[in-house]
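The values are calculated or read from the model by the stated rules, or taken from the named source; none is laboratory data. Keep in mind that this is a model prediction, so the values were computed, not measured. Here the Cβ positions follow ideal geometry from the backbone for every residue, glycine too, while neighbour counts run over all protein chains shown.
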Amino acid sequence: MWFILALLSAIFAALTSILAKIGIDGVNSNLATAIRTVVVVIMAWGMVFLTNAQNGISEISKRSWVFLILSGLATGASWLCYYKALQLGEASKIVPIDKLSVIITLVLAFVFLHEQFTIKSLIGCILIGVGTLVMVL
């Protein structure tokens, strides 16, 4: 099931980039990000109430609150930079650079989460990096 959800995530992310590039034409990138964020907030809270998960709020630890807030700040910074980049450049070049986050995530997961970094991971990172350079140049 995780594979199907991950694949759907990739498809929706691709749609996000194309739809954003079309929609951002003539719109301030920060305003566009704010509009997108409001839609995401409504959708996310809709899913919380649809699945009756709202009762779990009181069970969230202080540590989890801190890291969820930090994650939200990182997401916001990412979206602001992404939309500004989309406004200034070509989606076909911006998206591959944005996906360098895969390499960065693997390295951070190794350093901070102590996840395995195998030879397969290293080869994958090199291929993603080289592939990104080929697509952007």
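For Leu127, the stated conditions hold: it is without any contact (Cβ under 8 Å) to a residue 40 or more places away in the chain, on the phi < 0 side of the Ramachandran plot and not assigned by TED's automatic domain parsing to the domain that holds Ala6.
Selection of the stretch 79-93 for residues being out of contact with any helix residue (DSSP H, G or I) (no Cβ under 6 Å at 6 or more places or on another chain) and of a type outside the set (Ser, Thr, Tyr) yields Cys81, Leu88, Gly89, Glu90.
Answer yes or no as to whether Lys99 is within 19 Å of the chain's Cα centre (by Cα), of a type in the set (D, E, K, R) and closer than 21 Å to Leu31 by Cβ.
On the way: within 19 Å of the chain's Cα centre (by Cα): yes; of a type in the set (D, E, K, R): yes; closer than 21 Å to Leu31 by Cβ: no.
For Lys99, the condition - within 19 Å of the chain's Cα centre (by Cα), of a type in the set (D, E, K, R) and closer than 21 Å to Leu31 by Cβ - is not met.
Got a number for residues in the stretch 74-106 being of a type in the set (Gly, Ala, Ser) and under 20 Å from Leu133 (Cβ atoms)? Count: 5.
Here is a check on your reading of the model: is Ala74 within 27 Å of Thr37 (Cβ to Cβ) and at pLDDT 95 or above? So that I can check it myself, show each step before the final result.
Working: within 27 Å of Thr37 (Cβ to Cβ): yes; at pLDDT 95 or above: yes.
Yes.
Conditions: (1) surrounded by 11 or more Cβ atoms within 10 Å (Cβ to Cβ); (2) of a type in the set (A, V, I, L, M); (3) within 30 Å of Trp45 (Cβ to Cβ). Ile60 meets all but one. Number of the miss? Ile60 satisfies every listed condition except (1). Would you check which residues across the stretch 26-36 are surrounded by 10 or more Cβ atoms within 10 Å (Cβ to Cβ) and either out of contact with any helix residue (DSSP H, G or I) (no Cβ under 7 Å at 6 or more places or on another chain) or of a type in the set (Lys, Arg) (or both) and list them? Listed by number, the residues that qualify are Val27, Asn28, Leu31, Ala34, Ile35, Arg36. Report yes if Ile42 is in the same structural domain as Ser78 (by TED's automatic domain parsing) and modelled with pLDDT of 95 or more, otherwise no. Considered against the rule, which asks whether it is in the same structural domain as Ser78 (by TED's automatic domain parsing) and modelled with pLDDT of 95 or more, Ile42 comes out as yes. The residues of the stretch 37-52 that are aromatic (Phe, Trp, Tyr) and surrounded by 11 or more Cβ atoms within 10 Å (Cβ to Cβ) amount to a single one, Trp45.
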